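Report on the following structure.
Where a number appears in this text, it was derived from the coordinates with a stated rule and is not lab data. If you're wondering where the values come from, they're calculated on a predicted model, not measured in any experiment. A quick note on method: Cβ atoms are made from the backbone with ideal geometry, for glycine too, and the neighbour counts reach across all protein chains shown.
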Amino acid sequence: MHRPSDEQTPEEARQDHWQMLGFLAFHAGMGAGLGLFVAASIVWLDLGGAGSLLTRSSNPVLPAFMMALPLALTFAAAVTASAVMLMPYRKKKQRG
């Protein structure tokens, strides 16, 4: 039975899926780290008075968490989406 060149064996597909999951996890982690860095920078630079408001708060953990988590998730999604859009699909198929 002749198999077209762009089909993968189950083992090749499994390996490709693990590589893809690693790729996505790496870029999501980098984006989340960037978002946390931006949140820390906003607090440290006191942009909009956010740092001084947090220092005067009776419970600064909750507002800091409420600012950092959405930024981390947004940056993680944006970095992962841009990495997926820039993936060289055709080049990978041409290599095989």
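Of note:
- Footprinting exposure proxy for Met67, Met85 (fewest neighbouring C-beta atoms within 10 Å first): Met85, Met67
- Computed [θ] at 222 nm, helices only, for the chain once each DSSP H run of length n ≥ 4 contributes -39500 (n - 2.57): -26000 deg cm²/dmol
- Whole-Å semi-axes of the ellipsoid equivalent to the chain (Cα gyration tensor, √5λ, descending): 44, 12, 7
- Ranking Ala50, Ala68, Ala28 by how far each Cα lies toward the positive end of the dipole of the chain (charges on Cβ) leaves Ala28 at the top.
- As a proxy for reagent exposure, Leu24, Leu45, Leu36 were ordered by neighbouring Cβ count within 10 angstrom, fewest first; the result is Leu45, Leu24, Leu36.
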